[in-house]
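Remarks on the structure that follows.
The values are calculated or read from the model by the stated rules, or taken from the named source; none is laboratory data. Keep in mind it's a predicted model, so treat the numbers as computed, not measured. Note: ideal-geometry Cβ built from the backbone for every residue, glycine included; neighbour counts use all protein chains shown. The protein model used for the area step is the full one, side chains on, heavy atoms only, and it has no ligands, DNA or RNA in it. Shrake-Rupley method; radii C 1.70, N 1.55, O 1.52, S 1.80 Å.
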Amino acid sequence: MADRDTLPLPIEIRARLAELELELSEGDITQKGYEKKRAKLIQAYLPRVPVGAESRIPVTPSSSSSSSSRYQRRRSTGSRDERYRSDVHSEAVQAALERQCERKMAVPMPSKRRSLVVQTSMEAYTPPDSSSGSEGEGSLGRTGGAGVEAWISQALRGSSSSTTSSSSSHSNGSANAARLAENNAHTYNIGPIAHLSLKRRGLREMGVSLENGNLGRRSYDYQSDRPWSSLDSEDSHPPPPDITSYTSDPPAVTVDRPQVAMPTKALPKYGNAELMETGDGVPVSSRVSAKIQQLVNTLKRPKRRPLREFFVDDFEELLEVQQPDPSLPRPEGAESTITQGEELCRLKNCPASMEAALQRWGAIAPKAPCLTVTHANTKQPYTLTYGKLWSRSMKLAYYILHKLGTKQEPIVRPGDRVALVYPNNDPAAFMVAFYGCLLAEVVPVPIEVPLTKKDAGSQQIGFLLGSCGVAVALTSDACHRGLPKSLSGDIMQFKGWPKLLWVVTESKHLCKPPREWYPLIKDANNDTAYIEYKTCKDGSVLGVTVTRMAMLTHCQTLTHTCGYKEAETLVNVLDFKKDVGLWHGILTSVLNMLHVVSVPYALMKVNPLSWIQKVCHYKAKVVCVKSRDLHWALVAHRDQTDLNLSSLRMLLVADGANPWSISSCDAFLNVFQSMGLRSEVICPCASSPEALTVALRRPNESSSKPMGRGVLSMTGLSHGVIRVDTGEKLSVLTLQDVGSPMPGALVCVVKPETIPQLCKTDEIGEICVSSIATGTSYYGLTGMTKNTFEVCPMSSNGGLVSECVFVRSGLLGFVGPGGAIFVTGKMDGMMLVAGRRHNADDIVATALAVEPMKFVYRGRIAVFSITVLHDERIVVVAEQRPDSTEEESFQWMSRVLQAIDGIHQVGVYCLALVPSNTLPKTPLGGIHLSETKQLFQEGALHPCNVLMCPHSCVTNLPKPRQKQPEVGPASVMVGNLVAGKRMAQACGRDLSQGEDNDQFLFLSEVLQWRAQTTPDHILYTLINSRGTVGSSLTCLQLHKRAEKIAALLFERGQLRDGDHVALVYPPGIDLIAAFYGCLYAGCIPITVRPPHPQNISTTLPTVKMIVEVSRSACVMTTQAICKLLRSKEASAAVDLRSWPPVLDTDDLPKRRSPLLYKPSDPESLTYLDFSVSTTGMLAGVKMSHSATSALCRSIKLQCELYPSREVAVCLDPYCGLGFVVWCLCSVYAGHQSVLIPPAELEVNPALWLLSVSQFKVRDTFCSYSVMELCTKTLGTLTDSLKARGLDLSRVRTCVVVAEERPRISLTQSFSKLFKDVGLHPRAVSTAFGCRINLAVCLQGTSGPDPTTVYVDMRALRHDRVRLVERGSPHSLPLMESGKILPGVRIIIANPETKGPIGDSHLGEIWVHSSQNASGYFSVFGEENVRSDHFSARLSFGDTQTIWARTGYLGFLRRTELTDASGERHDALYVVGALDEAMELRGMRYHPIDIETSIIRTHKSITECAVFTWTKLLVVVVELDGSEQEALDLVPMVTNVVLEEHYLIVGVVVIVDTGVIPINSRGEKQRMHLRDGFLADQLDPIYVAYNM
């Protein structure tokens, strides 16, 4: 404010300035707006500046006196890393951030486990290294000018008044932090951080057992069957709004869940959950649900306008073809023309080849210095003279031609390729080897030194060597010693490399050539001189061949352009093996007898000023550097006053083509101008491996004509057009020209990636060059060579514009006024996102301009794109400083997202932070971009922070399906008839009565009949864990034991007919006897899984709840469980006094019951079947005597069960078909059941299969969990099992009992695995049952094999069935769920309209059968809640038949096979549960499909479950691996769900193995998992909230 005080300003102007400062301090205007208005007010009172004075000053904001003084003050304090700073760009970034501050929206911060936070890399901070995502030694951000900190400190100073500005600028730590916190409450940033690590809760709460030191999921524990979801409060809160719907006011939808009786006492939920409601969309009082609500609120904000062109899914008939937006900028200029460089003058006395030049200087000036090598340590510099270079090169040439191999069979012949492997600190040895190859007429292929077997990009280099036929590698002694060796001492064979003969080229290892031998010095011709390697965008390595003529001509053009003279000194900081460093430091230097002083990268790391010191010491005329080196000098020069750069006539900036190098040049000139540096000395150049030097600003150009500058609109550039803009806007790019075309060259600009048509004058295109001095081909790749090196530009009318052949340079840009070339980016760095082009280097610069700039470790940041869902997505990966906290990381990431969105108008798909020094490096320390991208895509990057933004980036999803208005029955019928589709209905064969026992309606009568007719026939055999018979029951033993239990119920239980009895038994004989004892006593049994002794606090309350809900009058159990119920642990979980009477059946009365109960009504209850569905509903269904008998008879007929048969059962005997097969079928059909409790398999995994083999069983039943356990644990043991006598050749049917879609991959794996021990592939099949009918389908013994069809998954989402071929895109294999049981009729109905549908549609499976359950059991008599499930009628067609609704979606298909009756077989395919299906974007998704895709993505994902919460898709994955791999899974999961299902994942939760609850049937309990997640009880490793 001092300038205001010194100026003679009127009172009103001073008052207006004071108002402006007040507005600035209160944040009403931005800093930029303040400065603009202030400058306008005081403009008339400022002293006039002479015309022309300003044009001589470099155009940087720091050129004003005030900013330079600020720069000096900042530089002296050393408080900020100035490396990636450009005033203009940083100002734009900060302004963009401020502009977005107005939209204050909180974003949930990811949750991370404490152990993951502690383990991030804490390596010591080291001096600045090379940077960035470009492919060379590392690129910079927009380095340069000096105004960033001053600008930021002013911008962040607004809360303090202007009078305190002087003090606040120095002590800006806490104030700025406060201001940052305020600024960060914007769209992408965090609200209150309630995060950091979730304390690990006890594993017992999760029901995860710790056995033998290993976490294991216990599929038989009660914890997974806990029905908390059924206890939804009736007056639950309304669900949060649906933020993903496409209508303005979505109608409220209420979902009725089955209600069960509520016990009077509140029951604990999922461990020790707090109060929580679990209905769909009902708020939950937990930190997790609060974060999800934050995410929901954030996503409610208006998103960027979606693209007009939807990506057209080939199944979507409804998509319109949108017209292109007419408002997009388009090129309007005339067609561009070819620009010609000046004529190449013939150099006086120019040698006819490079070898001739070396021969000349070696002869006439042998003592002249050729190359001086400096070292990082204190070793004296070593100087190679031209005489030594000539003699050593000749010596090496002789050795290569005559001493490798024999005279008759030389290893290397003229024209062969030879690898040059030299470290970056030994240019002298490299130079000798290079010229030795030229003299021997072999082709050198310079490559990098492979340091380890897994070097980044090393494998691709090996492929290049192999394709070039390289058999010999030349290297130095020191390098040879440092290469990794095998145990035998030989050089290790690197992955992908050909077998090489390593030759050390030091003179002491070579022999002298004979006096008469002399190399043949030819004139330059079109033979290949050398091959320079080039790394492509995808990581592949190509070899660019350069002929001897091109090499010589290129050196001549450089000599002409740079004005090189003999004996001048050149300081080279660049890589001497390739590109500008090779062309100037190795080739052109010899042509002109220059003295090259080489400064290696290792020395630059130790002393960044070393190259300037060498310039001063040797009074060098020319120096070759990169922008990075200019920056390092800026950071390191501090108060060095003895530097003098007046000797320099040319400072060649090799990466001057990078758009942000202008900032480095300006800042360097600004600081070093006072040390003799002249502005015209700075010469940026543009080059590429294919076109060699494209353009170079001449050292004398700037004095004759001003430097070209252009301020271009980034929006225009993204559409490929040039629009000059003003520097006042945020999204602009300032460019400098890179000089004129090279002498003797033609330059044109053509459209990239299409036919080479000339661009218009205001259009960005690829620069092409026609000259002798270019590369000629990609070695061995004729197709790619033709597309790149043999380009013939065409005009818009299709005619050729020149007879010359051009080479594509890979550089994007345009030709400006006066023939000056401007480069806007590289083809390799171009990302085409949503039809717009973005330059990776521009994104890097924007990210690095975000405060705090020191956050990125050494500025190491990579930007690349990956293809997801038919479009490129931008990924930013940065190394964070070791001392960064989680909050700092997330705040920086949020600000980067905003800055890129504000300046480039493009969203970042993924932003990942990795620990310092972990990204793969190039040999000169830059980031190896393609390797980084590969690690990211493979899930091997191991980031420590990830932020995914698919919601804001992905705008090309298919249109959501619009629900059609209801269609009347008539039109549906007509539609089906017209379409020629048959109605989807089928039935099993008739349920005829033919056996003796079929006359009995009641199971108790069947048992009594068997006890009389076949008393000694064994019905049940129980196998223990050792594989021996534990106990068995004959018909008579079972009958007598049941009689005694009936007596127990009468005498001690005082029970009456119809009382309910809970049977709490482990799987075994006692359970069966207790069941029939209840039937004999007239009581209604309810089988309940006993509590687990190791997990009693979690499992016992569930037992108690079933006992209460079922209204059990007493509990029957064993003595051991009685003791368990009375234990202290049990009393702590459930009050002992609250239990009904508990009867111990180990102590039975001696006498039997005097009178057995004889039921009279077939429709009266036999038993209640209680189970928890996968959706968390606890439901007890009523099974009548007639239904039970019909079910047993149906299974007997289907499986052909007779007393002579043995059936092995390995199922949990507590509900569903498992209970029927375990307890009922043997009594009804008379066969022997070999019972194997699934829990015993955890001790002896082979128990089930060995028992099947031992008893020569033909039919066996198991669950998916049993099959999975066998597949995982016995997969490698089949040979040893075969040796133990395992033989499964007798198995006729192996039925998997389940209430879900058949797991085809598991059954196929099981079949293939045990094929070697005799298991027939057709033996394995599945059964399907549900609550309303415990067995709808069962494969049985006769009938056709189960069929598999492939359906289009996209059609299935629209409830349509379209069959496709195996292997088709989006195909989903579905296996038939078994043959429909006798007496069962099935129809497929629309679940909404209840009308029948055709077999080409997906609908709900409805069943009509005598074996259907009678209804749900409910304490309060609320049968009407789900009465529709048991007594549904079709809305049209056959409206009289009463059907039961299974709640499962499926379809029927008539196959070509015939069944036993000779008719064509109707196959039923179950797709999934209706309750679990997720309605997203108007389509129906089944969790298993999404989960299958996710499990395939990464080897560390062992299990996965998905569910929705407030219309957000939540994915929970179990990680089997290091916690450091957890964050790798977040992008991979998001990608695969987008690619295969067109869905955006809202939340990704990474948990330990065994956390996803599994019920006794091996089915995932997704609703329990959801409740546990929302109650913050999963102890996740990481929770990512995708934005």
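Things worth noting here:
- The residue that is least open to solvent (accessible area, probe 1.4 Å), counting only those in region 1006-1028 that are among the hydroxyl-bearing types (Ser, Thr, Tyr) and not in a strand (DSSP E or B), is Ser1025.
- Test: Leu501 is surrounded by fewer than 19 Cβ atoms within 10 Å (Cβ to Cβ) and hydrophobic (A, V, I, L, M, F, W, C): yes
- Checking Glu1043 against (1) open to solvent by less than 30 Å² (accessible area, probe 1.4 Å); (2) in a loop (DSSP other than H, G, I, E, B); (3) charged (D, E, K, R), the condition it does not meet: (2)
Yes/no per residue for (1) surrounded by fewer than 24 Cβ atoms within 10 Å (Cβ to Cβ); (2) over 16 Å from Gly1562 (Cα atoms):
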| site | (1), (2) |
| --- | --- |
| Lys1182 | yes, yes |
| Ala1187 | yes, yes |
| Glu1200 | yes, yes |
| Ala1208 | no, yes |
| Pro1213 | no, no |
| Gly1216 | no, no |
| Phe1219 | yes, no |
| Ser1226 | no, yes |
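Conditions tested, residue by residue: (1) under 48 Å from the mean Cα position of the chain (by Cα); (2) open to solvent by less than 10 Å² (accessible area, probe 1.4 Å); (3) of a type outside the set (Lys, Arg); (4) under 30 Å from Asn787 (Cβ atoms).
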residue	(1), (2), (3), (4)
Leu645	no, yes, yes, no
Val671	yes, no, yes, no
Leu677	no, yes, yes, no
Glu690	yes, yes, yes, yes
Arg698	yes, no, no, no
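- Arg649 being of a type in the set (Lys, Arg), surrounded by 24 or more Cβ atoms within 10 Å (Cβ to Cβ) and either more than 30 Å from Val791 (Cα to Cα) or free of Cβ contacts under 8 Å to residues at least 60 places away in the same chain (or both): no
Here's the yes/no breakdown for (1) closer than 30 Å to Ser865 by Cα; (2) free of Cβ contacts under 8 Å to residues at least 40 places away in the same chain; (3) out of contact with any His (no Cβ under 9 Å at 6 or more places or on another chain):
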residue: Leu1527; (1), (2), (3): yes, no, no
residue: Val1530; (1), (2), (3): yes, no, yes
residue: Thr1534; (1), (2), (3): yes, no, yes
residue: Leu1538; (1), (2), (3): yes, no, yes
residue: Gly1554; (1), (2), (3): no, no, yes
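- Sole residue being surrounded by fewer than 22 Cβ atoms within 10 Å (Cβ to Cβ) and more than 56 Å from the chain's Cα centre (by Cα), chosen from Arg1126, Arg1111, Arg1151: Arg1151
- Test result for Ser687, touching a Leu at 6+ places or on another chain (Cβ under 9 Å), of a type outside the set (Lys, Arg) and without any contact (Cβ under 8 Å) to a residue 60 or more places away in the chain: no
- Set Leu1156, Leu1168, Leu1191: member being aliphatic (A, V, I, L, M), part of a loop (DSSP other than H, G, I, E, B) and touching a residue at least 60 places away in the same chain (Cβ under 8 Å): Leu1156
To keep it simple, each residue is scored yes or no on (1) in contact (Cβ under 8 Å) with a residue 60 or more places away in the chain; (2) not acidic (Asp, Glu).
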residue: Gly810; (1), (2): yes, yes
residue: Gly818; (1), (2): yes, yes
residue: Gly825; (1), (2): yes, yes
residue: Gly835; (1), (2): yes, yes
residue: Asp841; (1), (2): yes, no
residue: Val844; (1), (2): yes, yes
residue: Phe855; (1), (2): no, yes
residue: Arg860; (1), (2): yes, yes
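- Within region 1358-1397, the set of residues being under 30 Å from the mean Cα position of the chain (by Cα) and either assigned to a loop (DSSP other than H, G, I, E, B) or surrounded by 22 or more Cβ atoms within 10 Å (Cβ to Cβ) (or both) comprises His1358, Asp1359, Val1364, Glu1365, Arg1366, Gly1367, Ser1368, Pro1369, His1370, Leu1374.
- Selection within region 463-481: residues that are without any contact (Cβ under 8 Å) to a residue 40 or more places away in the chain and over 20 Å from Tyr399 (Cα atoms). The member of this set that is nearest to the chain's Cα centre (by Cα) is Gly466.
- Taking the criterion of being hydroxyl-bearing (Ser, Thr, Tyr) and either out of contact with any Lys or Arg (no Cβ under 6 Å at 6 or more places or on another chain) or within 18 Å of Gly907 (Cβ to Cβ) (or both), the only residue of region 848-866 that qualifies is Ser865.
- Residue list for region 1520-1534, filter: of a type outside the set (Asp, Glu), open to solvent by 10 Å² or more (accessible area, probe 1.4 Å) and at pLDDT 90 or above: Met1532
- Just one of (1) in a helix (DSSP H, G or I); (2) modelled with pLDDT under 90 fails for Arg305. It is (1).
- Of all residues in region 1264-1284, those being more than 27 Å from Leu1217 (Cβ to Cβ) and open to solvent by 50 Å² or more (accessible area, probe 1.4 Å) number 7.
- Out of Val1471, Val1530, Val1548, sole residue that is within 14 Å of the chain's Cα centre (by Cα) and either outside any helix (DSSP H, G or I) or within 18 Å of Gly1572 (Cα to Cα) (or both): Val1548
- Where helices (runs of 4 or more DSSP H) fall wholly inside region 604-703, the ranges with 1 or more residues that are basic (Lys, Arg) are 610-618, 627-636.
- Scanning region 761-784 for residues that are assigned to a loop (DSSP other than H, G, I, E, B), under 30 Å from Pro329 (Cα atoms) and open to solvent by less than 50 Å² (accessible area, probe 1.4 Å) gives Asp762, Ile764.
- Qualifying residue in region 982-997 (condition: assigned to a helix (DSSP H, G or I) and either surrounded by fewer than 17 Cβ atoms within 10 Å (Cβ to Cβ) or modelled with pLDDT of 85 or more (or both)): yes
- Cross-chain or 6+ apart pairs with Cβ under 6 Å, region 659-671 first and in contact (Cβ under 8 Å) with a residue 40 or more places away in the chain, then of a type outside the set (A, V, I, L, M, F, W, C) and in a helix (DSSP H, G or I): Ser661/Ser627; Ser664/Ser627; Ser664/His631; Leu669/Ser679; Asn670/Ser62
- Failed condition for Gly902, given (1) at pLDDT 85 or above; (2) in contact with a strand residue (DSSP E or B) (Cβ under 9 Å, 6 or more places away or on another chain): (2)
- Filtering region 785-799 to residues that are surrounded by fewer than 17 Cβ atoms within 10 Å (Cβ to Cβ) and either polar (S, T, N, Q) or at pLDDT 90 or above (or both) leaves Lys786, Asn787, Glu790, Cys792, Ser795, Ser796, Asn797.
- Residue tally, condition surrounded by fewer than 24 Cβ atoms within 10 Å (Cβ to Cβ) and in contact with a helix residue (DSSP H, G or I) (Cβ under 9 Å, 6 or more places away or on another chain), over region 836-854: 5
- Which listed residue is surrounded by fewer than 22 Cβ atoms within 10 Å (Cβ to Cβ), modelled with pLDDT of 90 or more and either closer than 30 Å to Ile1380 by Cα or among the aromatic types (Phe, Trp, Tyr) (or both), from Thr1455, Thr1553, Thr1502, Thr1492: Thr1492
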